[in-house]
1. Provide the net charge surrounding G10, with neighbours chosen by a C-beta distance below 12 Å and charges set as Lys +1, Arg +1, Asp -1, Glu -1.
2. For the chain, give the magnitude of the charge dipole about the Cα centre (Cβ charges: +1 Lys/Arg, -1 Asp/Glu; no others), in debye to the nearest 20.
3. What's the ranking of 250-260, 22-32, 418-428 by average number of surrounding C-beta atoms within 10 Å, highest first?
4. When all alpha-carbon pairs of the chain are counted, what percent fall beyond 30 Å?
5. Give the residue list of trypsin sites (Lys or Arg not before Pro) in the range 476-563 that are DSSP loop and have at most 15 other beta-carbon atoms within 10 angstrom.
6. How large, in percent, is the carbon and sulfur part of the accessible surface of the range 33-139 at a probe radius of 1.4 Å?
7. If you roll a 1.4 Å probe over the range 453-557 with all protein chains in place, what percent of the accessible area is carbon or sulfur?
8. Leaving out ligands and nucleic acids, and using a 1.4 Å probe, what accessible area per residue does the chain come to in Å²?
Amino acid sequence: MLKGIAASSGVVVAKVFKYEHPVFTIEKQEEPKEVALEKFHNALERSKEDITKIKEKAAGRLSPEELAIFDAHLMVAEDPEFADQVEAMINNDGVSAAYAVDQVANQFVTMFESLEDPYFKERAADIKDVTYRIKCHLMGVKIPDLSLINEEVIIVANDLTPSDTAQLDKQFAKGFVTEVGGRTSHSAIMARSLEIPAIVGCTGILKACQNDDCLALNALDGTVIVNPAEDVIKDYAEKAAKYAEEKEELKKLKNAASVSVDGHHVELVGNIGTPKDAQGVLDNGGEGVGLYRTEFLYMNSNELPTEEEQFEAYKAVLEAMNPRPVVVRTLDIGGDKKLPYLPIPEEMNPFLGYRAIRLCLDRTDIFRTQVRALLRASVYGDLRIMFPMIATINEFRAAKAIVKEEEANLRAEGVAVSDNYQVGMMVEIPAAAILADQFAKEADFFSIGTNDLIQYSMAADRMSKPVSYLYQPLNPSILRLVKLTIDGAHKEGKWCGMCGEMAGDEIAVPVLLGLGLDEFSMSATSILKARRMVRKLNYEDAKKLADEALTLCRAEEVEELVKKTVK
Ligand code: PEP
Ligand code: MG
């Protein structure tokens, strides 16, 4: 049994098809210039034709975004800088076309690989893919054609290039396992898009199996078993059937309403870290964004992002989701999230220290820049600004006052600002939960941050392993804080959401529904499962369940109660 990273979900049993790129070394050799130049141009043309053909074949199976990878490949093949350097080397050194391509390609790849930015690292993979093809043409080596596979197999390879992956025919390529790669490598992304189960980063797989061995692949947990016993095969077949059934069933819910059997509506929305994640929320039937953690914008940068950079990012999310609501959380830095360019004094308890809104109300220059960018973006959709880590009414008032000041400043400058944006807060400090009815008079909405609310209620550092048993979302003490918050909001006619991990927990959903939570924000991949749960429940029953849960004294009892009530 081997373990890798589950990159594209599914379960499958099939025989092994080992796919290895022909390996060859290119020696330094001389070649008459004219011959070398002609060979080079021929190989370049044939490679471009190959890429165009692969793209055509993949059209309809891949999304426009993935197909764009092949445009990037064509751009490499058509890059004048690359061709110029190869030609110069042939002209100046009299070397063979293959040698010149090899040398220039290596230089380009090394350069791009040395850059920090993941975008450029991806470009290095593109250059490798394209120049390998050119070299194969020059060396007379045939690249094995994966589209010729005509029986059900699991492909085992060191790595798969985007052009390899695009050629896979789902009817026969039942899955793949690679030695290298991560969840975000090109091959992994394409496998998800093609819906082919895949495990990447599975060290040792090439040595562990031979062609025609039987392979059981569980791409839900990353397990690969070579030549499994009969009972394992049977078990995997059952898992596969169950998974396929569930997937189909969930897919049907993509455009379904998030409504209980007796007609109570809630909103199921997604948590995102970058504008790119918005698409994943839409693909999974999300009705909006309930938490955009903007700190990643600051963390992925070498200096404070400018107002313009921030404006572009917020606008992109609002436009992508429009007319659905987008809750953007202002900078929540500190605690475990640090910025290299913004030194924060060392503290004994950073989670209890100078962070989030506390820092923003001190460094108002940073805060005002973000607020301006948000207000400028507000005209592109349904914006809801949310402050993190609010403990006192004074903090909320101070933060909101800055928003209103910047709104007035922008309007005075003649910049458009939406009339309907909301200003709310996270409830993640017990003091705020307990005083929710007062906060609700001034905030447009709440979103309960259970990740922090639980750590502060239990006095248990969320990063500490030894005390991780105290992370108890279902502990009645937490449920009572959640109830106080929801009731506080409703008393003033405001809405209350939740964006901590608890909101996507299938056991917690029935209780939260019963407590009257209006909006559940979770990772995109949990949305459809949560919708299935909500649609199965009866709101009146869920209320009774929640009432009973509040009378219990242990998290385990609440869990048992939910399991007993919701079959
Ligand atoms: C939370 O605390 O629950 C939350 C959603 O915020 P974060 O996990 O980013 O602290
Ligand atoms: Mg938090």
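1. On the way: positive: K170, K174, R192, K239, K242, K247; negative: E195, D221, E246.
Net charge in that neighbourhood comes out at +3.
2. Values: 66 positive and 91 negative charges, 314 e Å.
Dipole size: approximately 1500 debye.
3. Numbers: 250-260: 15.1, 22-32: 11.5, 418-428: 21.4.
With the highest mean Cβ count within 10 Å placed first, the list reads 418-428, 250-260, 22-32.
4. Numbers: 97411 of 160461 pairs.
Taking all Cα-Cα pairs of the chain, the fraction more than 30 Å apart is 61 percent.
5. Details: sites: R480, K483, K491, K494, K529, R531, R532, R535, K536, K543, K544, R554, K563; in loops: K494, R554.
Hits after loop and neighbour filter: R554.
6. Numbers: 2940 of 5490 Å².
Percent of accessible area from carbon and sulfur atoms in the range 33-139: 53.
7. Values: 2320 of 4460 Å².
Exposed carbon and sulfur together represent 52 percent of the surface.
8. On the way: 25930 Å² over 567 residues.
Spelled out: the 1.4 Å probe surface of the chain, per residue, equals 46 Å².
The values are calculated or read from the model by the stated rules, or taken from the named source; none is laboratory data. Not measured: the values here are computed from a predicted model. Cβ: placed from backbone, ideal geometry, glycine included. Neighbour counts: every protein chain shown. These accessible areas exclude ligands, DNA and RNA; they are computed on the full protein's heavy atoms, side chains included. Shrake-Rupley method; radii C 1.70, N 1.55, O 1.52, S 1.80 Å.
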